Structure formats: C-alpha cells, structure tokens
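Heads up, the thing below is written out as structure tokens.
The values are calculated or read from the model by the stated rules, or taken from the named source; none is laboratory data. Note that the structure is predicted; figures quoted are calculated from it, not measured. We place every Cβ from the backbone using ideal geometry, glycine too, and count neighbours over all the protein chains shown.
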Amino acid sequence: MSYLEEFKEKNIDMGFNAAMGIEVLELEDDYSKVRIPIKDWEQNPINAVHGGVIFALGDVVGALATWKMGKMVTTQSCHISFLNAAINATELIGEGRPLHLGKRTYVVDVEIRDTKGTLISKMTNEYHAMNREIV
C-alpha cells in the first residue's frame, strides 16, 4: 500500500468524511481537490446547500492541502465568504492550495464550486500542526 493510499484510508475513508460522502479527486504536494454529493437533507427550504455543508467541505479540503507536511492538523480559524447560493446542486467541488506552510501553522486558500463552475464560497483556513504523524 502506498503512503497516499494509507493516508486516504486512515484519514478520509472513515468517520465524518465517509458519512458526508467526501471523495478525494486529486491530492498533490500543493493542491487538493474533493467532491461531495449533495443529499436532500443537506439543502435548506429554498433548495440551496446548507452553509454548514459548504463550510465542512472547505475545512476538509483545506486540511488535505497540507498533507505533504506529514502532520495531523486541527483547525485554528476559518474565514468564509458565501458568494453564491448552490441552489439545486447535486454535488460540490472543493479545491485547496497552501499559502503558508510554517513550522506550526499552515494557511490554505480554498474555493468551493458547483458542477457548472460557479464560485460558491471562498475561504482562508488556518491549521495548527500537531505533534502527531498522519500515518
């Protein structure tokens, strides 16, 4: 089993990420891309994806963008701008790109889009690097 396969098995294919249906599409040293299928219960009364689902996707894709550092992370802060409603969306795509990978703090730029390419939200996430290896 490769390091990446082991990482995905231990950090993606279980718990919250699995329950949400989050799927890793790409994972590179300086980029992560994931998708989430949208379920009916994840939409609000106007058929827009609930902001909590969008936020959760952004948090996951941001953390994944730091994987090359080899450390478990915990979220310190996130700034999110909801730019467009994801009305009747069947899935969302998140992309993360590290802006800063320091000794103890990582900062990641995150974009969430619908399948039409509409920018739904923009996030800047800050993570604390823990003293635990990810695999």
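Overview of values
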item: The listed residue being touching a helix residue (DSSP H, G or I) at 6+ places or on another chain (Cβ under 6 Å) and over 21 Å from residue 117 (Cβ atoms), out of 29, 59, 40; result: 29
item: Check on residue 61, part of a helix (DSSP H, G or I), touching a residue at least 12 places away in the same chain (Cβ under 8 Å), in contact with a strand residue (DSSP E or B) (Cβ under 6 Å, 6 or more places away or on another chain) and within 19 Å of residue 123 (Cα to Cα); result: yes
item: Of all residues in region 21-53 being of a type in the set (Lys, Arg) and part of a strand (DSSP E or B), the one that is surrounded by the fewest Cβ atoms within 10 Å (Cβ to Cβ); result: 35
item: Failed condition for residue 1, given (1) of a type in the set (A, V, I, L, M, F, W, C); (2) closer than 18 Å to residue 127 by Cα; (3) modelled with pLDDT under 90; (4) touching an Asp or Glu at 6+ places or on another chain (Cβ under 9 Å); result: (2)
item: Some residue of region 97-119 being basic (Lys, Arg), under 25 Å from residue 15 (Cβ atoms) and assigned to a helix (DSSP H, G or I); result: no
item: Filter result for the condition that a residue is among the polar types (S, T, N, Q), touching a residue at least 12 places away in the same chain (Cβ under 8 Å), in contact with a Lys or Arg (Cβ under 9 Å, 6 or more places away or on another chain) and in a strand (DSSP E or B), over 77, 81; result: 81
item: Test set (1) at pLDDT 95 or above; (2) surrounded by 17 or more Cβ atoms within 10 Å (Cβ to Cβ); (3) touching a Leu at 6+ places or on another chain (Cβ under 8 Å); (4) within 18 Å of residue 129 (Cα to Cα) - residue 57 fails condition number; result: (4)
item: Residues satisfying the stated conditions in region 87-114, i.e. out of contact with any Leu (no Cβ under 8 Å at 6 or more places or on another chain), buried (at least 23 other Cβ atoms within 10 Å of the Cβ) and not small (Gly, Ala, Ser); result: 106, 110
